[in-house]
Amino acid sequence: MKKTLLIIIIISLFSCQHDNKNRVNKIADSNLKILIKSLKDSVNNNKPKIFFALDSECPLCSSYSRTINQLHQKYQSDFDFYAFFPSHVFNQQKNDIFRQKNQLKIPFLIDTTQIITHFLDAQVTPEAFILDTNLNIIYKGMIDDWVKELGRKSLYINNHYLKNAMDEYLNNQLITIKKTTAIGCIIQNKK
């Protein structure tokens, strides 16, 4: 059921034609076509998926880019990784600068229609999601507990929520913490 729903979402994103007069949507559509092909191919590869809700204007997303890169480097053979920008306002230049500055190596999805955002029920950036091979959300929330509240970071990380859930999944163990409340920049929903 979840695989079918994701495939429908992907096809909707791929076939969705925005107003041809709007250059920004054309750019977003061309980026989506490239990345959606990758996502379509990966739906059937029986690998679990990691999604990160990111925003090029959210300082915490930049702060977490090193951690995202480390997780990708360590787990890329076990999981498919994706970042998505859930903003209905798209700025190619800001996103390119963000990606280059933070040297993120995972595919980016531009979610101006917020289909992925709603499918995952993303609320803030950065927020992490693990989907099992049946595309069920098995973890949702914080990457770790480095940020205690907006504007307050800790010197130490005591809980690596995302990494722990990934390890538990790979070891066929029960995910002990399935959900945390992510702290970050609030996603503005499209009206």
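So the values come out like this:
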item	result
Solvent-accessible area, 1.4 Å probe, carbon plus sulfur percent, for region 52-158	47 percent
Restraint check, K74/K105; K49/K153; K47/K140; K47/K94; K74/K148; K49/K105, Cα-Cα greater than 24 Å	K49/K153; K47/K94; K74/K148
Spin-label model distance (nm) - N164 vs T181, 7 Å beyond Cα toward Cβ	1.8 nm
FRET efficiency for L155 and Q188, using Cβ-Cβ distance with R0 set to 30 Å, rounded to 0.05	0.40
Average accessible surface area per residue within region 58-178, 1.4 Å rolling probe, Å²	49 Å²
Length released on extending from K148 to N46, taking residue separation times 0.36 nm less the Cα-Cα span	33.2 nm
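The values are calculated or read from the model by the stated rules, or taken from the named source; none is laboratory data. Bear in mind that the values here come from a model prediction, so they are computed numbers and not experimental data. Note that we place each Cβ from the backbone using ideal geometry, even for glycine, and neighbour counts take in every protein chain shown. Quick note on the areas: whole protein, heavy atoms, side chains included, nothing else; ligands and nucleic acids left out. Shrake-Rupley method; radii C 1.70, N 1.55, O 1.52, S 1.80 Å.
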